[in-house]
């Protein structure tokens, strides 16, 4: 019914009586106009007179008799919505509109006091109201899921009268406010008035910017039907409150009205929300308003029914009883509270951790408490960046990380979100594939072969076949096994400060993580390129290392090299260094492995780091950036090496190369190519290196700036101490940067090289911010 804006009209509508036609008169009309006969049974109702038509085999039809003041255009809209739903989702379970023998969906019967009662007939929908079932978590979640299905079916439906104003629309809170004064209990009356006033001031203005569509508007425990054992939702009835409104309002009504009478109604409401969100994902602003909307719906129900009990003679007893239920519902909701409500919602829906000023004002777990829990439940001493001020990260966006307090930090270190934190193309690709299929490579599916093909197209020479794993450590482990299988040898060469992983095999190839002198006999360290500071790096010439492996009976299976020499201190290799090393290893019968876990996918301004050295390896390993945060790594090699490995070993990774991982990898390649990130890395990286070099001329403590693309190192030393590594001062600089909202890492044998490795969406303005912060940090710490 169309409502005027003024309170008097609202109260008049609230107090209007339901029709009360004699059953015999209705039965006569049904027989004459619809050809329907049967016993009529009253079915209650809010505004309409509702009747079941029961034949010998049970309920068959449902009749609605409208008030004389009902707008026929609104009733036409309700019937059109039902037909739209039935057409777009035939199995959803909504009443079928039964037309008269003349083909009319309604029949107008003159009312005694003027106007017309409009009769509508519907086919009976099987099932009992959810209120008459045990409302288990599973059933409540099914209510939400089926409701999302209903709203998906209603998408795209519109009717000029869908914009009508409706009594039960929570957006009518200002007009309904006067009804609350009829609540007898002063405490409850004040609470309801407070809720409605807060809603009108704080929530109502925010609704206009939300997704909007035609909704059912009144999904209650009585209007939702279920059947079976265990029960499942079979459909919805009573489309008398259909209206164009914010989509989230639909869910909030169900969260408020389906858990009435339960001991823990908000927990049940969260299950409804979870079922809805699984089928029709909610947006952040919608999530933030669910509590307020559900609370307002309960308050509005209490106000309207209290006013009806006071001003309308019929049914006052049951209305007063429902007002009592509203009071218990409000008390239960209030006991949970705003913060507790969102915490329960977050747990049930598995929402990301909120920021302090996030939805419903909920704050994340305090950082120190989280750290204590981490120490208690994870490995003792598990490393944290910035142990003096650990970062409690809850969000990522492009080049930014956002902490639990809402602080934004420029991420100049994390190369896992290679194309930016939470890039929407990658996020959407992963979410859609997750919803479609995830399995393993023992089945056929497109994404794994497509991804292998895309990688092969990026590789030089004969590098063209791949195996997929989950991490860079696994990729390096597998590459080492391939080299050993192909050559029949067991000896390895690595640079003196190398790090290649955390498996048993790759830890042996990682001198940077090994205790002093604890290097396995089958591993020899070669001298890495010297930095411009000229400090000794350890290791021995390649020829001597190869000779030592031969003398030990190992032979040379492979050399494994990180193209950035990151753990060695992010070194600029002189021209020919890598080519000479590879030539000596191949002359000794070994293979050459390029560890591109850090350097790959365009970071150095070329797609692969080894390209900058003018070499073509026999095996390439990929990891961290491949999936932009989704576990994905790969080994790419030649058909000859792969065939030799396959003849000697049976290999399978359950999760390696799964459809979701490969979809993530494909999406990352899409972004790199579409946004020309390889070129950007070269351009922005050159600009940043130049700015850092200029900074070095002002600060004597900056001994060197090294690297290329968006993988740079700034070495800090003590000029007054013969240029000794400034280990403690470097840690202080990194901490000062973190407190200034900039994140960097620390690298090198002396832990005195700032590691700068931002996402490839880094821009010159970000570089300027970083350099300004570094200027302040070095001045303060050195």
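The values are calculated or read from the model by the stated rules, or taken from the named source; none is laboratory data. The structure displayed is predicted, hence computed values, not measured ones. Quick reminder, even Gly has a Cβ in these numbers, built from the backbone with ideal geometry, and neighbours come from all protein chains shown.
Considering the range 619-632, the residues that are touching a helix residue (DSSP H, G or I) at 6+ places or on another chain (Cβ under 6 Å) and part of a loop (DSSP other than H, G, I, E, B) include one that is surrounded by the fewest Cβ atoms within 10 Å (Cβ to Cβ), namely 630.
Picking from residues in the range 166-187 that are part of a helix (DSSP H, G or I) and within 35 Å of the chain's Cα centre (by Cα), the one that is surrounded by the fewest Cβ atoms within 10 Å (Cβ to Cβ) is 172.
Of all residues in the range 77-121, those satisfying the criterion of being closer than 17 Å to residue 156 by Cα and either outside any loop (DSSP other than H, G, I, E, B) or over 35 Å from the mean Cα position of the chain (by Cα) (or both) are 77, 78, 79, 80, 81, 82, 83, 84, 85, 86, 87, 88.
If you check 272, 243 for being in contact with a helix residue (DSSP H, G or I) (Cβ under 8 Å, 6 or more places away or on another chain) and within 28 Å of residue 119 (Cβ to Cβ), only one passes: 243.
For the range 480-514, the candidate set comprises residues that are surrounded by 24 or more Cβ atoms within 10 Å (Cβ to Cβ) and farther than 22 Å from residue 571 by Cβ; within that set, the residue that is farthest from the chain's Cα centre (by Cα) is 491.
Would you mind stating whether residue 206 is in a helix (DSSP H, G or I), touching a residue at least 24 places away in the same chain (Cβ under 8 Å) and more than 23 Å from residue 329 (Cα to Cα)? Answer is yes for this residue. Take residue 70 and tell me if it is modelled with pLDDT under 95 and touching a helix residue (DSSP H, G or I) at 6+ places or on another chain (Cβ under 9 Å). In short, no. Considering the conditions (1) at pLDDT 95 or above; (2) under 30 Å from residue 77 (Cβ atoms); (3) buried (at least 17 other Cβ atoms within 10 Å of the Cβ), residue 210 is excluded by exactly one of them, (3).
All conditions but one from (1) out of contact with any helix residue (DSSP H, G or I) (no Cβ under 7 Å at 6 or more places or on another chain); (2) within 27 Å of residue 418 (Cα to Cα); (3) at pLDDT below 95 apply to residue 757; the one that does not is (3).
Being surrounded by fewer than 18 Cβ atoms within 10 Å (Cβ to Cβ), modelled with pLDDT of 90 or more and outside any loop (DSSP other than H, G, I, E, B) is the filter here; which residues of the range 15-39 pass it? Result: 23, 24, 25, 28, 31, 32, 33, 39.
Could you identify the single residue in 198, 229, 202, 190 that is at pLDDT 95 or above, over 31 Å from the mean Cα position of the chain (by Cα) and in the same structural domain as residue 159 (by TED's automatic domain parsing)?
Working: 198 fails: over 31 Å from the mean Cα position of the chain (by Cα); 229 fails: at pLDDT 95 or above; 202 fails: over 31 Å from the mean Cα position of the chain (by Cα).
Result of the check over 198, 229, 202, 190: 190.
In the range 232-260, the qualifying residues are those that are in a strand (DSSP E or B) and under 16 Å from residue 208 (Cα atoms), and the one that is farthest from the chain's Cα centre (by Cα) is 243.
Among the residues of the range 710-719, is there at least one that is in a loop (DSSP other than H, G, I, E, B), under 38 Å from the mean Cα position of the chain (by Cα) and at pLDDT 95 or above? So far as the range 710-719 goes, yes, one or more of its residues are in a loop (DSSP other than H, G, I, E, B), under 38 Å from the mean Cα position of the chain (by Cα) and at pLDDT 95 or above.
Restricting 602, 589 to residues that are surrounded by fewer than 24 Cβ atoms within 10 Å (Cβ to Cβ), out of contact with any strand residue (DSSP E or B) (no Cβ under 6 Å at 6 or more places or on another chain) and either assigned by TED's automatic domain parsing to the domain that holds residue 644 or in a strand (DSSP E or B) (or both) narrows the list to 589.
Answer yes or no: is there a residue in the range 761-773 that is free of Cβ contacts under 8 Å to residues at least 12 places away in the same chain and within 26 Å of residue 384 (Cα to Cα).
Here is the first cut: in the range 761-773, the residues free of Cβ contacts under 8 Å to residues at least 12 places away in the same chain are 765, 772.
Pick out the ones that are also within 26 Å of residue 384 (Cα to Cα) and you get 772.
Yes; the residues of the range 761-773 include at least one that is free of Cβ contacts under 8 Å to residues at least 12 places away in the same chain and within 26 Å of residue 384 (Cα to Cα).
Looking for something at pLDDT 95 or above and either over 24 Å from the mean Cα position of the chain (by Cα) or not assigned by TED's automatic domain parsing to the domain that holds residue 582 (or both) - is there at least one such residue anywhere in the range 657-664? No, the range 657-664 contains no residue that is at pLDDT 95 or above and either over 24 Å from the mean Cα position of the chain (by Cα) or not assigned by TED's automatic domain parsing to the domain that holds residue 582 (or both). Screening the candidates 661, 646 for the property of being touching a residue at least 24 places away in the same chain (Cβ under 8 Å), at negative phi and either in a helix (DSSP H, G or I) or touching a strand residue (DSSP E or B) at 6+ places or on another chain (Cβ under 7 Å) (or both) yields one hit, 661. The criterion of at least 1 residues that are in contact (Cβ under 8 Å) with a residue 60 or more places away in the chain, more than 25 Å from residue 606 (Cβ to Cβ) and out of contact with any strand residue (DSSP E or B) (no Cβ under 7 Å at 6 or more places or on another chain) is met, among helices (runs of 4 or more DSSP H) falling completely within the range 425-539, by 446-458, 472-487.
Residue by residue through the range 147-165, note down the ones that are outside any helix (DSSP H, G or I) and within 12 Å of residue 216 (Cβ to Cβ). Before the answer, list the steps.
Of the residues in the range 147-165, the ones outside any helix (DSSP H, G or I) are 155-159, 164-165.
The one that is outside any helix (DSSP H, G or I) and within 12 Å of residue 216 (Cβ to Cβ): 157.
Residues in the range 391-405 include none that are buried (at least 20 other Cβ atoms within 10 Å of the Cβ) and under 25 Å from residue 559 (Cβ atoms).
Conditions (1) farther than 30 Å from residue 630 by Cβ; (2) in contact with a strand residue (DSSP E or B) (Cβ under 8 Å, 6 or more places away or on another chain), marked per residue:
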{"site": "696", "(1), (2)": "yes, yes"}
{"site": "742", "(1), (2)": "no, yes"}
{"site": "751", "(1), (2)": "yes, yes"}
{"site": "761", "(1), (2)": "no, yes"}
{"site": "771", "(1), (2)": "yes, no"}
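Going through the range 221-233 one residue at a time, which ones are surrounded by fewer than 20 Cβ atoms within 10 Å (Cβ to Cβ) and in contact with a helix residue (DSSP H, G or I) (Cβ under 9 Å, 6 or more places away or on another chain)? Matches in the range 221-233: 222, 230, 232.
What is the residue count in the range 127-143 for residues that are surrounded by 16 or more Cβ atoms within 10 Å (Cβ to Cβ) and modelled with pLDDT of 95 or more? If you could, list the steps in order and put the result at the bottom.
Here is the first cut: in the range 127-143, the residues surrounded by 16 or more Cβ atoms within 10 Å (Cβ to Cβ) are 127, 130-131, 133, 135, 139-143.
Filter once more, keeping what is modelled with pLDDT of 95 or more: 130-131, 133, 135, 139-143.
Residues meeting the conditions: 9.
What number of residues in the range 729-782 are closer than 18 Å to residue 705 by Cα and assigned to a loop (DSSP other than H, G, I, E, B)? Qualifying residue count, the range 729-782: 9. Number of residues in the range 111-148 that are without any contact (Cβ under 8 Å) to a residue 24 or more places away in the chain and closer than 15 Å to residue 67 by Cα equals 1.
Condition check ((1) outside the structural domain of residue 77 (by TED's automatic domain parsing); (2) in contact (Cβ under 8 Å) with a residue 12 or more places away in the chain; (3) under 19 Å from residue 168 (Cα atoms); (4) in contact with a strand residue (DSSP E or B) (Cβ under 8 Å, 6 or more places away or on another chain)) across all residues:
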| position | (1), (2), (3), (4) |
| --- | --- |
| 236 | no, yes, yes, yes |
| 244 | no, yes, yes, yes |
| 270 | no, yes, no, no |
| 284 | no, yes, no, no |
| 287 | no, yes, no, no |
| 294 | no, yes, yes, no |
